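These notes are about the structure you will find just below.
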Amino acid sequence: MTGRSAVSAVKAALKSQAVETPSWAFGNSGTRFKVFAQKGVPRTPGEKLADAARVHAHTGVAPTVALHIPWDRVDDYAALGAHARDLGVRIGVINSNVFQDDDYKLGSVTHPDPAVRRKALAHLLECVDVMDATGSRDLKLWFSDGTNYPGQDDISARQGRLAEALAEVYERLGDHQRMLLEYKLFEPSFYTMDVPDWGTAYAHCLRLGPRAQVVVDTGHHAPGTNIEFIVAVLLREGKLGGFDFNSRFYADDDLMAGAADPFQLFRIMYEVIRGGGFTPDTAFMLDQCHNIEEKIPAVIRSVMNVQEATAKALSVDAEALAAAQRTGDVLAANAVIMDAFNTDVRPMVAEVRTELGADADPVAAYHASGYGEKIVAERVGGTAAGWGA
């Protein structure tokens, strides 16, 4: 492929990309010690959608918005979906929440008390109802369930309770709907998490069937974990359902995607592309909160970082890499990867945005639009969206 045709192919692929933004990224958030309030944050799910639509308008590749129930609970989800479409976006992944209720102190679907398990299961089934109303394809499940002390509960029995709940939710899904199971190494439980790693998530999804997939949160691994290896294996097994992109320095930091280790994001996207995962069947979602920085520009920057990492991954010279690998030329193979990563793709990505009808420099365009000042002036009164700490 010539240089010009290669660039055209990369640009065409980038135009097909979709990065999903999370509704909760636009609300007030903070650390476990303090929530830092900002002016102009949304008060309703509709205002969250408006902010997400602004991100899509400037970037051109953020057409869907993930909801979190009950944070985004409304009386009429069909109307919310219609409102999203009026704004130029759509409802994406529906995220459940079985971790913010006092009843879930010792677990939700794995709790020793059957009454608590029934309550948690009812919420998960409610989320499928929301999917039906909004036309969402994916249900994402993350469980804070686990234990803090040896002997606190029966580890194997908890896995059985989890499997029973997942099976009932899976049975409730429509033919076009999927379950995405997320894992997390630790926090809030520190002795055992009931879904601590990709192997546990994979085992449950394998038992359930083809519409149960694993979701990889880039902040949910031990230091030094080779996340792209996990991605490659899940793709080979047909079990990679999607991503929660964010950056981490130590643990589940939920910082802007690509901010801490852009090379890792590039390596992950390369494995996605090489493994055939750069399709609508893989949900590329941001999962982050913005505690000290402006929220909408931070989400825009995160989308841009994913775009740029993807452009670099698409630019890897596959033929040269394969030739070096066949001959065992370790340095040449690594050089192919590093050449792609060190390529300045920003001008090309800016062209892609312009050709999509978006903005070459989305952050500058956002600040020039006056939208930030507008929402600060308009969003007075009511209760700002956010979570307590």
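The values are calculated or read from the model by the stated rules, or taken from the named source; none is laboratory data. Here the structure is a predicted model, which is why all the values come from computation and not from measurement. Positions of Cβ are generated from backbone atoms using ideal geometry, with glycine treated the same way; all protein chains shown enter the neighbour counts. Quick note on the areas: whole protein, heavy atoms, side chains included, nothing else; ligands and nucleic acids left out. Shrake-Rupley method; radii C 1.70, N 1.55, O 1.52, S 1.80 Å.
Screening region 335-361 for residues that are part of a loop (DSSP other than H, G, I, E, B) and among the charged types (D, E, K, R) and picking the one that is farthest from the chain's Cα centre (by Cα) gives Asp344.
Filter region 196-227 down to residues that are of a type in the set (Lys, Arg) and in contact with a Leu (Cβ under 8 Å, 6 or more places away or on another chain), then give me how many there are. Before you say what the answer is, go through the steps one by one.
Kept after step one, since they are of a type in the set (Lys, Arg), are these residues of region 196-227: 207, 211.
Add one more test, that the residue is in contact with a Leu (Cβ under 8 Å, 6 or more places away or on another chain), and what stays is 211.
Qualifying residue count for the region: 1.
When restricted to residues that are touching a Lys or Arg at 6+ places or on another chain (Cβ under 9 Å), open to solvent by less than 70 Å² (accessible area, probe 1.4 Å) and either on the phi < 0 side of the Ramachandran plot or assigned to a helix (DSSP H, G or I) (or both), region 373-389 contains 5.
Of the residues making up region 322-334, not one is out of contact with any helix residue (DSSP H, G or I) (no Cβ under 6 Å at 6 or more places or on another chain) and either open to solvent by less than 20 Å² (accessible area, probe 1.4 Å) or in contact (Cβ under 8 Å) with a residue 60 or more places away in the chain (or both). Scanning region 106-152 for residues that are over 27 Å from the mean Cα position of the chain (by Cα) and buried (at least 20 other Cβ atoms within 10 Å of the Cβ) returns a single hit, Val116.
Listed by position, the helices (runs of 4 or more DSSP H) enclosed by region 1-87 that each have at least 1 residues that are closer than 19 Å to Ala360 by Cα and among the hydrophobic types (A, V, I, L, M, F, W, C) are 3-15, 45-59. Ala257 meets all of the listed conditions (1) more than 11 Å from the chain's Cα centre (by Cα); (2) closer than 21 Å to Thr343 by Cβ; (3) not acidic (Asp, Glu) but one, namely (1).
Applying the condition of being farther than 22 Å from Arg137 by Cα and of a type in the set (Asp, Glu) to region 190-229 and asking which residue is most open to solvent (accessible area, probe 1.4 Å) yields Asp197.
Can you go through Leu181, Leu162, Leu166 and tell me which one is crowded, with 17+ Cβ neighbours inside 10 Å and touching a Ser or Thr at 6+ places or on another chain (Cβ under 6 Å)?
The unique qualifying residue is Leu162.
Results for (1) more than 20 Å from Asn291 (Cα to Cα); (2) crowded, with 18+ Cβ neighbours inside 10 Å, shown as yes or no for each residue.
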position: Lys15; (1), (2): yes, no
position: Val41; (1), (2): no, yes
position: Ala57; (1), (2): yes, yes
position: Pro63; (1), (2): yes, yes
position: Leu80; (1), (2): yes, yes
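Among the residues of region 1-46, those identified as of a type in the set (A, V, I, L, M) and free of Cβ contacts under 8 Å to residues at least 12 places away in the same chain are Met1, Ala12.
Here the condition is being within 21 Å of Glu294 (Cα to Cα) and either assigned to a helix (DSSP H, G or I) or out of contact with any Pro (no Cβ under 6 Å at 6 or more places or on another chain) (or both); of Ala364, Ala332, it holds for Ala364 alone.
For region 155-270, the helices (runs of 4 or more DSSP H) that sit wholly inside it and include 1 or more residues that are closer than 25 Å to Ala313 by Cα are 198-208, 227-236.
Considering region 276-310, and only residues there that are in a helix (DSSP H, G or I) and either basic (Lys, Arg) or in contact with a Leu (Cβ under 6 Å, 6 or more places away or on another chain) (or both), the residue that is most open to solvent (accessible area, probe 1.4 Å) turns out to be Arg301. Of the set (1) closer than 30 Å to Ala212 by Cβ; (2) surrounded by fewer than 17 Cβ atoms within 10 Å (Cβ to Cβ), all apply to Glu319 but (1).
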